[in-house]
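Inspection log for the structure reproduced underneath, given as structure tokens.
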Amino acid sequence: MSGAEIGLAVSVFLACAVEAVEALTIVLAVGTTRSWSSAMSGVGAATVALAAIVAALGPALTALPIDLLRVLVGGLLLVFGLQWLRKAILRSAGLKAKHDELQTFREETEAARTAGERRAGFDGYAFTISFKGVLLEGLEVAFIVLTFGANQHRIPLAAAAAGLAVLVVAAAGVAARAPLARVPENTMKFAVGVMLSSFGMFWGAEGAGAAWPGGDAALLAIVPGVLVAAIAMAWTVRRAVDAAAAEELVAAGAQAGEEATVSA
Amino acid sequence: MSSVQAFVAGVWEFVVGDDWRTALGVVLALALTALLAAASVSAWWVMPPAVVGLLALSIRRAARESSRRG
């Protein structure tokens, strides 16, 4: 397996695992509160829909000329990757709320309880919420599988990595019988952001006609380079946030001191 | 909102996300790369600083918005 193929498999696995953890929380909430059979029917229907999207768009993408494919795929992956990285950096600095699976589970469970009476047999609410949850969480992964896979003509490898991630997360969910709250989601999103941005940059530039020094070996410099830059940004933002919080504390302390002096 | 508008808004949100400037910056950086490459000038160096710069600017904007909201 080449370095690019390993990058493809790892990126898709991590991206899919993160989204699967989020989908699992929703399915667990409606499954335990309403109906497991209807929730699992929703999961099955969404999985079929996602597989159909990949099966329908995959051949169309791979039929494009390689340079056009690379610039399109590279640009898309880069935009996705920068979004993932940005959110992960803001979350690590406390500027954006981290995904709290237990909180989401509580909210979904409460919503499921108050969503009307449960009927015997098929439960439309459990089906719909499961279906939407899996489809929406899976859509971005389906695009990553498609774009990453199509560019290397390895859609089956990308799909296998995604399938493995779903199996691992599902097995962990069955074993834990609870939302997977201890999965380091933000770190995984950060890693996916670095990989998508790096490969997106590499393929986008190649598709636009640039030649990287060293060819594919340039990825050995691009991936660590993006990683270091992202870590440096996360560190800088966190320090700025901490400094602002410390300033606020000092100002609040000084104001309290002044008020105490005046009242004395 | 009609279903067509909702679909377009959904695609926009899905592809571009919450920072359209970054997406536009990626398109411009790729266009500059293509222009340089078409002129037979070395062009690989455009993307790395563009990507780092776009990410830094995007985070700066988000941090400012967050501090304005308090």
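The values are calculated or read from the model by the stated rules, or taken from the named source; none is laboratory data. None of these values were measured; they are calculated from a predicted model. Cβ atoms come from the backbone with ideal geometry, glycine included; neighbour counts cover every protein chain shown.
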request  = Run down B:SER58, B:SER42, B:SER67 and say which single residue is within 8 Å of chain A (Cβ to nearest Cβ) and not in a helix (DSSP H, G or I).
outcome  = B:SER42
query = Could we say that B:LEU30 is within 8 Å of another protein chain (Cβ to nearest Cβ) and either within 22 Å of A:ASP67 (Cα to Cα) or of a type in the set (A, V, I, L, M) (or both) here?
reply = yes
request  = Taking A:ARG118 as the residue in question, decide whether it is of a type in the set (Lys, Arg), closer than 30 Å to A:LEU78 by Cβ and over 13 Å from the mean Cα position of the chain (by Cα).
outcome  = no
key: Only one of A:PRO213, A:PRO156 that is farther than 30 Å from A:SER37 by Cβ, at pLDDT below 90 and surrounded by fewer than 16 Cβ atoms within 10 Å (Cβ to Cβ)   = A:PRO156
task = Given the conditions (1) over 22 Å from B:TRP12 (Cβ atoms); (2) out of contact with any Asp or Glu (no Cβ under 9 Å at 6 or more places or on another chain); (3) of a type in the set (Val, Ile, Thr); (4) surrounded by 16 or more Cβ atoms within 10 Å (Cβ to Cβ), report the number of the one that A:ILE6 does not fulfil.
result = (4)
Lone unmet requirement of (1) free of Cβ contacts under 8 Å to residues at least 12 places away in the same chain; (2) under 21 Å from A:ALA88 (Cα atoms); (3) in a helix (DSSP H, G or I) for B:ASP18 = (3)
message = modelled with pLDDT of 85 or more and charged (D, E, K, R): which single residue out of A:ARG113, A:ARG119, A:ARG106 fits that description?
response = A:ARG106
request  = Return yes when A:GLU5 is farther than 30 Å from B:ALA31 by Cα, among the acidic types (Asp, Glu) and in a helix (DSSP H, G or I) and no when it is not.
outcome  = no
Every pair of residues 6+ apart whose Cβ atoms lie under 7 Å, when the first sits in region B:26-44 and is farther than 21 Å from B:LEU54 by Cα while the second is surrounded by 14 or more Cβ atoms within 10 Å (Cβ to Cβ) = B:ALA37/A:ALA208; B:ALA37/A:GLY209; B:ALA37/A:ALA210; B:ALA37/B:ALA43; B:ALA38/A:GLY209
query = Just a yes or no: is a residue in region A:77-96 under 15 Å from the mean Cα position of the chain (by Cα), over 28 Å from B:SER67 (Cβ atoms) and part of a helix (DSSP H, G or I)?
reply = yes
